[in-house]
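Heads up: the structure comes next, in C-alpha cells.
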Amino acid sequence: MTPRKIRALMVEKDVSQIEIAIALRVSPVTVNGVIHGRWSSRRIANAIASKLGVPVEKLFKQYAA
C-alpha cells in the first residue's frame, strides 16, 4: 500500500503517527520512515497494521509471505 493510502486509512481510523510512536517508545519520525519505506522495522509495521486492523502484508509488501 502506498504511504498516501496508509495515511488515508490512519485518518479514517483516527490513528496518529504520534499515538503509535508513544506506544512503541520511538519517535514519530521513525514511524513516518517506516510508512514511507525509508526504514524497515517489523515491530513498527506490525503495530501500525494492528492499530489499523489490517494484516501487515496488506500495508507493507516486504512482509508478504
When the convex hull of the C-alpha atoms of the chain is computed, what volume per residue in Å³ does it have?
70 Å³
Under a straight-distance cross-link criterion of Cα-Cα below 18 Å, which aspartates and glutamates are reachable from K58, leaving out those fewer than 8 residues away in the same chain?
E12
How much mean residue ellipticity at 222 nm does the chain get from its helices, if each DSSP H run of length 4 or more adds -39500 (n - 2.57) and you divide by all residues, to the nearest 500 deg cm²/dmol?
-17000 deg cm²/dmol
Give, rounded to the nearest 20 debye, the magnitude of the charge dipole that the chain has about its Cα centre when Lys and Arg contribute +1 at Cβ and Asp and Glu contribute -1 at Cβ.
180 debye
Please identify every one of the trypsin sites (Lys or Arg not before Pro) in the stretch 1-64 that sits in a loop by DSSP and has no more than 15 other beta carbons within 10 Å of its own beta carbon.
K13, R25, R38
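The numbers here are math on the coordinates, done by the rules we state, and not lab data. None of the values given here were measured: they were computed from a predicted structure. Cβ atoms come from the backbone with ideal geometry, glycine included; neighbour counts cover every protein chain shown.
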